[in-house]
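Below is one structure, written out as structure tokens; comments come after it.
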Amino acid sequence: MHQSLQGATFHIEHVIPRVRGGTSELDNLALACPSCNLHKADRVSSALDQNSPAVALFHPRTDLWGDHFDWDDYQLIGKTDVGLLTIRLLDLNHERRVKIRQAEQMFGLFPPQPLGD
């Protein structure tokens, strides 16, 4: 999502949180909307359900977006467990986010072009 349509300043987020051994070096930092950053908290992994092993969250420095996600209209679709978990944990298909994607499309900003793919 683009910060200009967010209504809030993006956070500088630690991909691997400092409490999990992450550093404040540039390769461990990313911009994140406040909602994503607060939903992620200090997590780097979680289970999809009670009976599943832990799965890593999408790592924007080492994972390719297209390997884990796709679009179905304005909804983000998980193609892998990493994608499914990240979408669910960060609430990436919240109604407000879908409306922002619709607005972004009017400005030619949606769908975004992922980096590194």
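The values are calculated or read from the model by the stated rules, or taken from the named source; none is laboratory data. Note that the structure is predicted; figures quoted are calculated from it, not measured. Counting neighbours? That spans all protein chains shown, and the Cβs are built from the backbone with ideal geometry, glycine included.
For region 30-43, name all the residues that are surrounded by fewer than 16 Cβ atoms within 10 Å (Cβ to Cβ) and not in a helix (DSSP H, G or I). It would help to see each step written out before you state the result.
Our first condition is that a residue be surrounded by fewer than 16 Cβ atoms within 10 Å (Cβ to Cβ); within region 30-43, this holds for 31, 34, 38, 41-43.
Passing the criteria: 31, 41, 42, 43.
Could you tell me which numbered condition residue 8 fails, if it satisfies all but one of (1) part of a loop (DSSP other than H, G, I, E, B); (2) touching a residue at least 12 places away in the same chain (Cβ under 8 Å); (3) surrounded by 11 or more Cβ atoms within 10 Å (Cβ to Cβ)?
Going through (1) part of a loop (DSSP other than H, G, I, E, B); (2) touching a residue at least 12 places away in the same chain (Cβ under 8 Å); (3) surrounded by 11 or more Cβ atoms within 10 Å (Cβ to Cβ) one by one, residue 8 breaks only (3).
Can you pull out the helices (runs of 4 or more DSSP H) entirely within region 55-117 that have at least 3 residues that are basic (Lys, Arg)?
By residue number, 95-106.
Looking only at region 44-71, filter to residues that are over 15 Å from the mean Cα position of the chain (by Cα) and either surrounded by 13 or more Cβ atoms within 10 Å (Cβ to Cβ) or of a type in the set (A, V, I, L, M, F, W, C) (or both); which one of those is farthest from residue 92 (Cα to Cα)?
My answer is 54.
May I ask you to say which residue of 91, 70 is in contact with a strand residue (DSSP E or B) (Cβ under 6 Å, 6 or more places away or on another chain) and among the acidic types (Asp, Glu)? First the steps, then the outcome.
Values: 91 fails: in contact with a strand residue (DSSP E or B) (Cβ under 6 Å, 6 or more places away or on another chain).
It is 70.
Given the condition in contact with a His (Cβ under 6 Å, 6 or more places away or on another chain) and exposed (fewer than 15 other Cβ atoms within 10 Å of the Cβ), answer yes or no: does some residue in region 11-20 qualify?
Among the residues of region 11-20, not one is in contact with a His (Cβ under 6 Å, 6 or more places away or on another chain) and exposed (fewer than 15 other Cβ atoms within 10 Å of the Cβ), which makes the answer no.
Could you list, in sequence order, all residues of region 101-110 that are at pLDDT 90 or above and closer than 19 Å to residue 32 by Cβ?
101, 104, 110
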